[in-house]
Structures are given as C-alpha cells and as structure tokens.
Number of protein chains: 2
Amino acid sequence: MAALQQPPGYRILGEAELRDYLAQFPKVAARLGDAPHSWSIEEVGDGNLNLVFIVRGAADGIAVKQALPYVRLVGESWPLPLSRAHYEYLALTHQARLAPGLVPAVLHHDEALALTAMELLTPHIIMRKGLVAGKVYPRFVEDVTTFLARTLFLTSDLAVPAAEKKEHIAAFTGNHALCRITEDLIFTDPYRAAEQNRWTSPWLDATAARFRDDLDAHVAISRLKLKFLSHPEALIHGDLHTGSIMVTESETRVIDPEFAFYGPMGFDIGAVIANLLMAYLASAGHERSAGERHEFEAWMLGTVEGVWTEFARKFLGLWRTEAKGDAYPVSLFSGEAGEMRLEVERQTYMALLFRDTVGFAAAKIIRRILGLAHNIDFEWIEDTRSRAVCEARSLRLARAMLVGTATFPDIAALTSAARESRQWQPDFA
Amino acid sequence: MAALQQPPGYRILGEAELRDYLAQFPKVAARLGDAPHSWSIEEVGDGNLNLVFIVRGAADGIAVKQALPYVRLVGESWPLPLSRAHYEYLALTHQARLAPGLVPAVLHHDEALALTAMELLTPHIIMRKGLVAGKVYPRFVEDVTTFLARTLFLTSDLAVPAAEKKEHIAAFTGNHALCRITEDLIFTDPYRAAEQNRWTSPWLDATAARFRDDLDAHVAISRLKLKFLSHPEALIHGDLHTGSIMVTESETRVIDPEFAFYGPMGFDIGAVIANLLMAYLASAGHERSAGERHEFEAWMLGTVEGVWTEFARKFLGLWRTEAKGDAYPVSLFSGEAGEMRLEVERQTYMALLFRDTVGFAAAKIIRRILGLAHNIDFEWIEDTRSRAVCEARSLRLARAMLVGTATFPDIAALTSAARESRQWQPDFA
C-alpha cells in the first residue's frame, strides 16, 4: 500500500546517498563548507513521522527532513502521503514571511524526494526537553505570541481579501490525511475503545473508562471536532506542542508544520497552552525533593497567562492597524462612535476565541494521556504511580475545561484551576 | 476589461447562431424534434446576469442559459467571470443527484461558451410572480424542504467524510467573484453610503439613514458576513429567493445556482424564509380592497412555519439515518443513553441553525429594500407611499431579527412578529 503513495523519483535516502545528493546544490554545499567527503551525517529523527538528518561540515550544519511514505512510529502498516512534505514547505515559507526569524530558514526543497533542507538550529533544544529538566525560557512568551498573532491574524478574513483567502485554503486541501490523524487521534479515539489507546495502567483504568462513558465530554469533543472540520479561520500550524518548538534562552523557533491547513485559530493557541499546562502538572513528578521546582512551576503558570495575554494584545494590535480583509469592513465603523463599537466587538471576538482555545487545549491534554501519542513530560516520570498522579490531575483539569469551557472567563481562571489541580490527590495517590 | 474574462471559443450567441449550434447535438435536436429551421427561439432573460433563450420545436422545448462576461443589470462596466456557468453546472448536476426531480434536468453543457441547455419548465412560472398575484402553492413546503434538507445535510460534515468534503469545497473555490457580490451587496453596502443603493424615497430616507448609523446592526451584519466568509458547512445554492424557484400547483424546481459554494446552511434557509416574509408583508400593497388577500397572507405565514418545521424534521431524519460523515461519530454515542444524548445535541444544533437562519433572513430582507437589487414583491406596488409602508414594515421586522436574533427562539416567534409588523403603521403612513 505504502508504495502507491510514492511519486516517481522518490526513494528513501541513506546517509551516503544523501551526501551525494546534497553536494549537487551549491547553496547547500557552500553553507556546509566544501569537501562533501568530510561532512558528518547523522539520522536523529525522534518524531513520529519522518527521517531527520543532521549534516555538519567545516563551515556550518544543516538539518534535512525527509518524509517517509508511512508513519514512522507505527511502520509500513500505516501509510501516510509524502505530500505532507509539500504542505510543510508551503507553510514554512509562508510563516517565514509572516513571522520572520521564528521558523527555520529553508535552504532547499525537493518535491519528488519529499525532502527539505533547513538551517541547523544550534544550540537550540526541543522545548519540551528543557521543560522536563525544569529550565525556564524568558524569551518564549514574546516569541510564541508574535508567531501566533502574526500567522493567525495575517491569514484570516480580518487581514486577507476573501478571494485570496479561498485560494490559500484550497492550496492546503490535499493535506487531509494529516488532518485525519488529528480528527481520529485527538477528537475521537480517546473517548472510545480504540486499539491504539494507552494510558498509565492500572492507575488510570477507571478514569479512562469514565471518559469512554462521559456523554457530556463526547458532546463537547464533537463540537470541537466539527469546528476543526468546518471552520477554516486561518492557516494553523496544526501541531503546535512544545515538541514542535526549539529554544535557547534567547531564541525561539517553531518547526514541523506538516499538519498545517486552514482551521480554527483556537487549535494552535490551545495547543501551546495545553502543553504548558502539562509541563506544569508533570513537574511534580520530576521533583527529587518536595518544592524543588516551585520557582519553575510559578514561571510555567506565568507563562500560560503571558501566552494568552500577549497573544491577545498583539492580535488586537494587528486588527487595529492591519485589517485589510473583508470581515468587519472599516466603512461600517467609521467615526469615533464606530471605532468604539468595533473595539467592543473586538473584545467579544477575543472572548469567543478564548473559549475555543480552552476547549481545544483540553482536547490536546486528554489525547496525550488517554490516546496513542504520549509526551515525555509524563513518560519520563519513572515511577508509574507518580506519573499517574500527574496525569490524573491533568485529566481532571482538562475535563473541566472541555465540559465547562464557559466557566473559564479568562486566563486567570484557567491558571487558578491548574494551581488547584496541582494540589488535588486522586483516590489512588 | 470584460474581454479579459473570455476564454478562447467564447462568443455571445445570437438567435441564428444558437440554432446552428444546438442542431449539432443529437440529444438536444431529438428533444426539440428535428427540423431546426422550424424551431422558435426567444430571448427571455429577466434576471440580472445572463442571457436566457427559450427554444421550442415540434416535439418539446428547452431553455438555454448563456453567461455574459458582465453583469447584465449594470452592463460591461461591471465584468463578471464566465466561469460562473461552470459552477452553476457543477451545482445543478450535484443537486440533481441529491434532490432528484427538484432541479431542471441538464441536457447539454459547453464550458467554452459558458452555456447550459436544460429541460424547459412548463407551465411553471417564477414563484415570486405567483406570490405577487396572490397565488398559493400547496406543494411548495414539501418540495423546498426536501431540497434544503437533502442538499444541505448530504453535503455537510454530518454526511460526507472530511477528505471528500474538502475536495468539494476546493472545487468551488474559483467562484469567489459571485461570493463577492453577496459579500458586498448583502453584507456591506446597505449599511453604508454606497452609490448603488436605492430605496423608496422620500418615505424611507430617514430609515435608510438610520441603518447607516445603526452600529448594533453593523456588528450583527459583520458577524454574519464573517460566517459567510469562513464557515463552509455545506454546498449552498447561494441565491435561493423566490425568483430562483419555478412552480406549478403540483411541482417545484429550484433554478439558477450560479452563486453556489460551500457556505453556511442558514444562508439558504434564511433566503427562502426572507422572501416568503417579504411576499407576506408586500401583500397589503397588492390589495384592491382591504382584507382581500387575507387567506393568501394566512397561507404565507403557515408556509414560513412549514418551511422551518419540515426542513428541521427532514434534516433530523437524515441525521438519524444517513450520518456517514466524520462529525459526531456514532461510536461516541452508542447505546440507548448515547443515542438519547446525541438526540439532545441534534436539537441544540438545530437551535443554532435556526438562529443563523433568522439572522441571514434579516440580511436578505434589508438588502432588497435598501441595496442595489430589489424585488417585484415591492416594486410592483405602484403607489410609492403604499410600497414604502410595506417596505418599512419589512425593515422593522428585519432589524429586530438582525439585532435581536436570540429573541426569536422558534419559528412561531418569527411569524408572530411578522403578523405584528403587518399591523404596524410607520410615521409617514
């Protein structure tokens, strides 16, 4: 089956072949420093889907990502179109224009090989690993909110004329196999008996069973799924967890937008917030002594608040100055009274977007604990009972966010509930 | 400018040329009966955009519609892509599969000439003309609700898997010039000083001015516009007024879907209800003696109620039996409790769809009284003061629907408000 997906010219590159291939491209070769025989090549992919090579030469390094015709995590039994490399390239280059300096620079792209060569991000690390280690990232709020506000606002109907936006939506239509993964793994499977689900057993057996029977949760997740299916509000990254963000103390880069398509904005903002909340609630499991990570945890909650607050401030700022789309035409809100009324409406719009964000964040937490793909935030907690405690707290918070979304009027209500869940002890604890 | 829009091979057909053209196609010629020289050809287009020819032969007749590269109502100064004939053909053939017998059968389509030959609907008349004359159509509710329920449900995420639906959405992307007309003429211009606006002056001067300053209305119409721009829920007809419906006492056909695209369902349902409400409130202007059309008006309001009630019943019936899409997966609502909870959610879904319907209906009424394109329902009321009274009542109702949408919990609340507006006298009356 997988073979069917391969376009002519596609082959999986080994290290030797990759060296010869890259040597053909002067821009790439120049960046690495000449003398291809001296380049070091290492396959380092630890994600779920692709091959990732780090190539280092005398001058500099590059990262090369090649899509496989199947899901790496699962194997050839789960084919996945190579075209996702095309959509990733499309998204990366568009994001680079919208949010300069916040995504890796693309050096070379090959459609047939489903391969993209990018600048090597060094000494950046995957943010999730840093958070597991209790590191704080003072630059993160500023950068990720610039990325979110600019990529979402500037691809929405608030910024882009309708005809152009529709063409952009259509350009991502073919990425539906990646959307399908999200539809199944996030919006469906954790709430039913699905073979691929797993959780920290036996501690969470009862909780997982409750989610499978929780009809209020099923209604809530289905409403979110419908939004994911039918609200192409903006070009979203589609997989914006802390494993898709590389950081140093002073730099942030968003990587891996292969799930990109036009969808609801709250899905991306919610993904960031969900993963920060999980890092916060997993933190207790990484303590060697009680209270050791108190400062880190305080920073995490401040970061959650900062993500929403700064995102909203920047998004509103763009709306006030860059509203070149067809929605909310300024001609209907002229004069001082008009501008004041529009400002009230902007706040209403943000309140609805916050509600979406809370709901999607809940969905992202639940899938990481009850579904197929888990996080090292929890997975690296060696003691399974202790891991289950952190996961149970996260599920408790997420369930409240999913079913009682409207009871979180603002971000402070969310961090307050997170703080309260941090203290909560499940029955088995 | 207009010339730029013309693909190679396009030319505007005169009657003689049309005869030679049609004679080439055996299916068409056979339907008319041979002997092309004996066919009668008459251009009868009274719409805003196209040429329409009626061709009659010894055996039968056909209707031939050819798109012009500009808006017929305005002239060559307003170019409009010929591709709309392609989208109309796409929609017509899809609707024919979804709602058999409720659209005209297509006999022949020519992309280059932007021309479609269809069965001649006879003795059908444009429903709006019948309503102006006070005729009732006992079959209408049954047929139009079948059309609405089947074309909307069966193209939605409730019925169609996500990947397939996204391909369908993309197939209509190019029809954005027609969407743009709606975006401007319905969702923007009536609420601002636009050169093309007109209304029954001087009677409605003050009302029109109030709409231009009514910021609550501007917020409400902008929210609807955003939905129109970014909620591709289903394949909608896009222009489903009573001038796009041909009727006899026993048959109904929906014609002219050149505005078709994937948009919010409430836009189509609202269009039908808006046009029935206008026919109801225009009726007083067509009376020769007071109370003469009492029975007709009672039928109109019953029809408004029937359209929503029967639509909802059929849509829900399809949801219960034909839910093959990715939204609301049945696996999350198994067992008796699950089915009951899903049924509650279906009712909630319908309540939200009703709200959209009321809002879009309001928008459709307002544009016909304050915007560019008017209805014969009002236009054929010769006495302008009397026409203005009917229009003022309609605007009063529509303004309440637009700004106070949530105050109409069900269709009875809407017909009750319509009845009340029928009795209301504007200041100038």
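For the rotation taking chain A to chain B, which residue of A has the Cβ nearest the axis, and how many Å away is it?
Output: A:A170, 2.
Please go through the range A:251-295 and write out the trypsin sites (Lys or Arg not before Pro) that DSSP classes as loop and that have at most 15 other C-beta atoms within 10 Å.
Of the trypsin sites (Lys or Arg not before Pro), the ones in loops of the range A:251-295 whose Cβ has at most 15 other Cβ atoms within 10 Å are A:R288.
So how strong a dipole does the range A:1-58 carry about its Cα centre when Lys and Arg Cβ are +1 and Asp and Glu Cβ are -1, to the nearest 20 debye?
That gives a dipole near 220 debye.
Which parts of the range B:234-264 would a label at A:E167 reach, counting a residue when its backbone N lies under 20 Å from a point 7 Å out along Cα-to-Cβ?
B:261-262
Which listed residue (A:I369, A:L229, A:A312) has the Cα farthest towards the positive end of the charge dipole for the range A:125-423, taking +1 on Lys and Arg C-beta and -1 on Asp and Glu C-beta about the Cα centre?
Farthest towards the positive pole: A:I369.
Roughly how large is the B-A contact in terms of buried accessible area, totalled over both chains, probe 1.4 Å, nearest 100 Å²?
So the buried area, both faces added, is about 3800 Å².
How big is D, in µm² s⁻¹, for chain B by Stokes-Einstein at 37 °C and 0.692 mPa s if Rh is the Kirkwood radius over C-alpha pairs?
Approximately 146 µm²/s, per Stokes-Einstein.
Once the Cα gyration tensor of the range A:23-96 is diagonalised, what are the square roots of 5 times its eigenvalues, in whole Å and ordered largest first, as equivalent ellipsoid semi-axes?
26, 16, 10
Mind checking the per residue accessible area of the protein assembly as shown for me, 1.4 Å probe, whole number of Å²?
38 Å²
Considering protein heavy atoms only and a 1.4 Å probe radius, which residues within the range A:207-234 exhibit an accessible-area decrease of no less than 30 Å² in the full assembly relative to the chain by itself?
Output list: A:L215, A:H218, A:V219, A:S222, A:R223, A:K225, A:L226, A:L229, A:S230, A:H231, A:P232.
For a quick check of understanding: with a 1.4 angstrom probe and all protein chains in place, what accessible area in square angstrom does A:D46 have, to the nearest ten?
110 Å²
How do the peptides B:206-212, B:257-263 rank, highest first, by the average count of neighbouring beta carbon atoms within 10 Å per residue?
Top to bottom by mean Cβ count within 10 Å: B:257-263, B:206-212.
Taking a label point 7 Å from Cα toward Cβ, how far is A:G317 from its twins in the other copies, in nm, shortest first?
Output for A:G317: 5.7 nm, nearest copy listed first.
Quick one: compute the contact order of chain A, relative version, from alpha carbon pairs under 8 angstrom and 6+ residues apart, as a percent.
The value is 17 percent.
What are the semi-axes of the equivalent ellipsoid for the protein assembly as shown, taken as the square roots of 5 times the Cα gyration tensor eigenvalues, largest first, in whole Å?
Semi-axes, largest first: 53, 33, 25 Å.
In nm, one decimal, shortest first: how far is the label point of A:E336 (7 Å from Cα along Cα to beta carbon) from the matching points in the other copies?
In ascending order, 6.6 nm.
If each label sits 7 angstrom from Cα along the C-beta direction, how far apart, in nm, is B:S40 from its counterparts in the other copies?
9.1
Quick one: which bits of the range A:160-186 get at least 20 Å² less accessible when the partner protein chains are in, versus the chain alone, with a 1.4 Å probe?
A:A162, A:A163, A:K166, A:E167, A:A170, A:T173, A:H176, A:R180, A:E183
Along Cα→Cβ, 7 Å out, is where each label goes; now give me the distance between the ones at A:D383 and B:E287 in nm to one decimal.
8.4 nm
If you keep only loop residues by DSSP, which trypsin sites (Lys or Arg not before Pro) in the range B:81-186 have at most 16 other Cβ atoms within 10 Å of their Cβ?
Loop-located and lightly packed - B:K135, B:R139.
Determine ³J(HN,Hα), in whole Hz, for all residues of the range B:113-122 in sequence, where each value follows from phi through the Karplus function 6.51 cos²θ - 1.76 cosθ + 1.60 and θ = phi - 60°; x replaces Gly and Pro.
8, 6, 10, 10, 9, 10, 4, 7, 7, 8
Is any residue of the range B:293-335 close enough, with backbone N under 16 Å, to a label point placed 7 angstrom from the Cα of A:A193 along the Cα-Cβ axis, and if so, which?
It comes to B:331-335, nothing else.
What whole-number distance in Å separates the alpha-carbon centres of the range B:85-108 and the range B:221-264?
Cα centroid to Cα centroid, the span is 14 Å.
Report the local net charge at B:L316: Lys and Arg +1, Asp and Glu -1, summed over other residues whose C-beta lies under 10 Å from its C-beta.
Local charge sum for B:L316: +3.
Which entries in the list A:K135/B:K166; B:K165/B:K364; B:K65/B:K135 go over 30 Å, if you measure between the two C-alpha atoms of each?
A:K135/B:K166
Roughly speaking, what is the stretch gain from A:E76 to A:Q425, that is 0.36 nm per residue apart minus the C-alpha to C-alpha distance, in nm to one decimal?
So the extension gain works out to 121.5 nm.
Sort A:216-225, B:345-354 by the packing proxy (mean of other Cβ within 10 Å over each peptide's residues), most packed first.
In decreasing order of mean packing, A:216-225, B:345-354 become A:216-225, B:345-354.
What helices does chain A have that are whole DSSP H segments, at least 30 Å long along their own axis by Cα, and with mean Kyte-Doolittle hydropathy of -1.0 or more?
Sorted by number, the helices that extend far enough and score high enough are A:265-286, A:294-321, A:335-370.
At 1.4 Å probe size, with the rest of the protein present, what percent of the exposed accessible area of the range B:125-423 is carbon and sulfur atoms?
After summing per-atom areas, the C and S share lands at 52 percent.
What's the carbon and sulfur percent of the range B:8-81's accessible surface, probe 1.4 angstrom, rounded to a whole number?
Roughly 53 percent, rounded to a whole number.
Is the range B:222-297 best put as rounded, prolate or oblate by its Cα gyration tensor, with a ≥ b ≥ c the root eigenvalues, rounded for a/c under 1.5, and otherwise prolate when a/b is larger than b/c, oblate when not?
It is oblate, given that a/c is not under 1.5 and a/b is not larger than b/c.
Which listed residue (B:T173, B:V389, B:G238) has the Cα farthest towards the positive end of the charge dipole for the range B:125-423, taking +1 on Lys and Arg C-beta and -1 on Asp and Glu C-beta about the Cα centre?
B:V389
Work out the length of the dipole vector of the protein assembly as shown about its Cα centre, built from +1 on the beta-carbon of each Lys and Arg and -1 on the beta-carbon of each Asp and Glu, and round it to the nearest 20 debye.
Taking the Cα centre of the protein assembly as shown as origin, the dipole is about 720 debye.
Which cross-chain or sequence-distant (5 or more) residues have an amide H under 5 Å from the amide H of A:N50, H modelled 1.01 Å from N in plane?
A:R72
The values are calculated or read from the model by the stated rules, or taken from the named source; none is laboratory data. On a predicted model such as this, the values are computed, not experimentally measured, just so you know. Reconstructed Cβ throughout: ideal geometry from the backbone, glycine too, with neighbour counts over all protein chains shown. The protein model used for the area step is the full one, side chains on, heavy atoms only, and it has no ligands, DNA or RNA in it. Shrake-Rupley method; radii C 1.70, N 1.55, O 1.52, S 1.80 Å.
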